[in-house]
Every structure is written in structure tokens, then in C-alpha cells.
Amino acid sequence: MEEEPTEGVWELEDGTVSRVASGGVWRNGVEDLTYSNPFGQEVERVWFEGKVVFAVELGELEVDLERVKVAREYQIVYDVELGEDGKPIREPDRVDGQFNIYDSVPGMEKYSPLWQFNYVVVPRDYEPNTLRSEADCLSSGHPIRRSTVVEN
């Protein structure tokens, strides 16, 4: 009997395990993903370097930002007001239809499953999904407000 490898890049479909064929993980700028979502979790689409990836949000948590590694998530808003604690005083005025933006994905050195929110404040005539990467946000000239809000 041939020994089966225990590590590698695998996909699961209807309980069947198979190796992922070498090649890209993107199809037309969207992450090539099969996910059955057995627990009915909300899945969101986010931008990463101009491509759409999928993420599951597990909720907000308190962390010591001086001691815990976090990745950056950019949320495009028309308005946000942060209190002295770095948290929004009221719900930010989000741009409808705009996906949030991640600075990293698993496998990258700067990746973390904990995301610190950075609010990019855009004018009312902003076209949703014009900003699609961290580089877009940083070079846009729009103010960026770093919060202490962290989500997993």
C-alpha cells in the first residue's frame, strides 16, 4: 500500500480530499475557493492587492496593541469620529457597496488573523471599490484614522 502524504495543499469537496493542482489560486481576480460553510457563518468579500478574497469575521476583541501582532484592515468611510480610547464614538458612516481591504493574507510575514481597523475617510463623490489595496489607500491622499478596534 502506498503511503499517503500528510502535508500539502489540499481541497475538500463533499468529504473527498484531493491535492490542489499547481497553478494560480485566482480566477478572474477572485480567489478560487470552494467552501461549504457548514456552520452558516457570515462570509465577507474583501480586497487584497486588487483581488477579491473571502473572510469570516469572528467578532471584536480587546488586545494590547503593543504586545500582540495585528494585520491592517482598511474600511472606507465618509465619516468617523474616534474617542480618546481609539474606538468610534458612533458607528462610522460607511461607503455602501465598498469591500474592506486587507494588507495581507495567510503565508505572508505580516499576516495575522487579528485585524486592526484603519478608517479611510473619502468624499461623498467617491465611487465604491475604487480603492482595492493597501497601496491604493496609502497613496490616495485621503485621511486614514487608525483605531484600536481589533476583530478576529
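The values are calculated or read from the model by the stated rules, or taken from the named source; none is laboratory data. Since we're looking at a predicted model, the values are computed, not measured. Neighbour counts run over all protein chains shown; Cβ positions are idealised from the backbone, glycine included.
Is it the case that some residue within the stretch 106-118 is at pLDDT below 95 and within 14 Å of GLY50 (Cβ to Cβ)?
No, the stretch 106-118 has no match at all.
Please go through (1) within 30 Å of ASP14 (Cα to Cα); (2) surrounded by 19 or more Cβ atoms within 10 Å (Cβ to Cβ) for ILE76 and return the number of the only condition it doesn't satisfy.
(1)
I'm trying to understand the selection: among the residues of the stretch 81-92, which are over 13 Å from THR148 (Cβ atoms) and either surrounded by 14 or more Cβ atoms within 10 Å (Cβ to Cβ) or among the basic types (Lys, Arg) (or both)?
If the condition is that a residue be over 13 Å from THR148 (Cβ atoms) and either surrounded by 14 or more Cβ atoms within 10 Å (Cβ to Cβ) or among the basic types (Lys, Arg) (or both), then ARG90, PRO92 are the ones that fit.
In the stretch 112-152, which residues are of a type outside the set (S, T, N, Q) and in a strand (DSSP E or B)?
TRP115, PHE117, TYR119, VAL120, VAL121, ILE144, ARG145, ARG146, VAL149, VAL150, GLU151
Counting only residues that are part of a loop (DSSP other than H, G, I, E, B) and of a type outside the set (A, V, I, L, M), which one in the stretch 101-111 is surrounded by the most Cβ atoms within 10 Å (Cβ to Cβ)?
ASP103
Please determine, by comparing only the residues of the stretch 119-148 that are crowded, with 19+ Cβ neighbours inside 10 Å and touching a helix residue (DSSP H, G or I) at 6+ places or on another chain (Cβ under 7 Å), which one is farthest from GLY50 (Cα to Cα).
The residue in question is VAL120.
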